[in-house]
Amino acid sequence: MSPSFDPILPAFSRDGPFWLPGGTIDVVPAAPIEASPHAAALLGIVALLVLGGVLVVRDRLEGSHRKPDPPEETDERTTDPELVRTLVEGNGGRMRQSEIVAEVEWSKAKVSRLLSELEREGEITKLRIGRENLICLPGEEPTASQPVDTR
């Protein structure tokens, strides 16, 4: 003889949940869901549309709270060669080329072309030290790099 028991079943009403004693529970197996490539593609498209909508709304909300960047305080009439000369003068008349690149945030190629042009014009001196260039204003070169007759 198998033991018998009365299951207690949950029920719900307007007043809240309550329990019903006794009764049976029938378990009905769910019908298998067949995956269709078209359904998967449609689900993916819907997910992308929802995600895109969320991102657009977020960007619009963030954009309304974002403060505009303050204008940079640079004299727009300053030319690139003048800026480099001012930078080197501010560093005691000598500066490594890599430091100039870091300060002005231009490409290495642009700085190199500009410094070569300034050297041709006699406004700076480029000294090769190992793998770096030392940029000097005229008269600010290290004494070891000057010719013997000018020391």
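Only the coordinates and a few stated rules stand behind these numbers; no lab work does. Owing to the predicted nature of the structure, the values given are computational and were not obtained by experimental measurement. All Cβ positions, glycine included, derive from the backbone under ideal geometry; neighbour counts span all protein chains shown.
Observations
- Interchain or long-range residues, amide H under 5 Å from ILE124's placed H: GLU119
- Modelled FRET efficiency - R0 35 Å, ALA109 with GLU62, Cβ distances, 0.05 increments: 0.45
- Hypothetical label at ASP80: residues of the stretch 96-122 whose amide nitrogen lies under 12 Å (7 Å Cα-Cβ projection): 105-118
- In this structure the amide hydrogen of ARG96, modeled in the peptide plane, comes within under 5 Å of the amide hydrogens of ILE135, none closer than 5 places in sequence on its chain.
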